[in-house]
Amino acid sequence: MTWPPKFQRVGRLLVMPLLGAAILGAVSLTNEACLTRACDYSDGEWGNKPGEGSLIDANTWQSTSLDGEWVPFPHSVRLALFPPLGRAPTEIVVWISAEKKQAAGTNFTLAGGDVAKISDVSDRAFAVTNGTCADFYVRVVARAAPAPPPPPPVDAGSDADVDTSDAGAD
């Protein structure tokens, strides 16, 4: 038995949304991140122990050298960084890579968006958050404005007039 063309069109109109809902439901059930705590945030720290980061110059700190081993930056981690600049950075640049060590400066890119959310910038620390479910390695460079020059030395002399004439002469 075949359905009249009018009923075939109505049947297709009803089946398509139901089929779409079924596919969407199946995909959400198979998405591990939706069913587990795989993407819950965790905290990490870098730069507060010896050997974690280095000063490039008096105003620039790097988490690791370009050709060194980069810092692990797993999914959903908030990484607190502690550059010893003594003042808040005015520029923070974040690079990510899928590889821990870079071969001849290749296979890395600037990070942005959810991969590198910068927050809590202060004169002591700042945070970079990987808001994705992907694991990376990271290199961070923080630059601060030059430190103000030290104040001039204070004159310890007296403000009283000093007579440089021969006061002791008779």
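The values are calculated or read from the model by the stated rules, or taken from the named source; none is laboratory data. Fair warning: this is a prediction, and the values are worked out from it, not measured in the lab. Positions of Cβ are backbone-derived with ideal geometry, glycine not excepted, and every protein chain shown enters the neighbour counts.
Of the residues making up the stretch 87-114, those that are touching a residue at least 24 places away in the same chain (Cβ under 8 Å) and surrounded by 11 or more Cβ atoms within 10 Å (Cβ to Cβ) number 18.
Residues in the stretch 122-154 that are of a type in the set (Lys, Arg) and farther than 14 Å from Trp46 by Cα: Arg143 only.
The set of residues in the stretch 48-96 being in contact with a strand residue (DSSP E or B) (Cβ under 6 Å, 6 or more places away or on another chain), of a type in the set (Ser, Thr, Tyr) and part of a loop (DSSP other than H, G, I, E, B) consists of Ser63, Thr64.
The selection criterion, being aliphatic (A, V, I, L, M) and within 10 Å of the chain's Cα centre (by Cα), does not hold for Val71. When the stretch 128-159 is filtered for residues that are at pLDDT 90 or above, out of contact with any Phe, Trp or Tyr (no Cβ under 6 Å at 6 or more places or on another chain) and more than 14 Å from Pro74 (Cα to Cα), the ones remaining, listed by number, are Val140, Val141, Arg143, Ala144, Ala145, Pro146.
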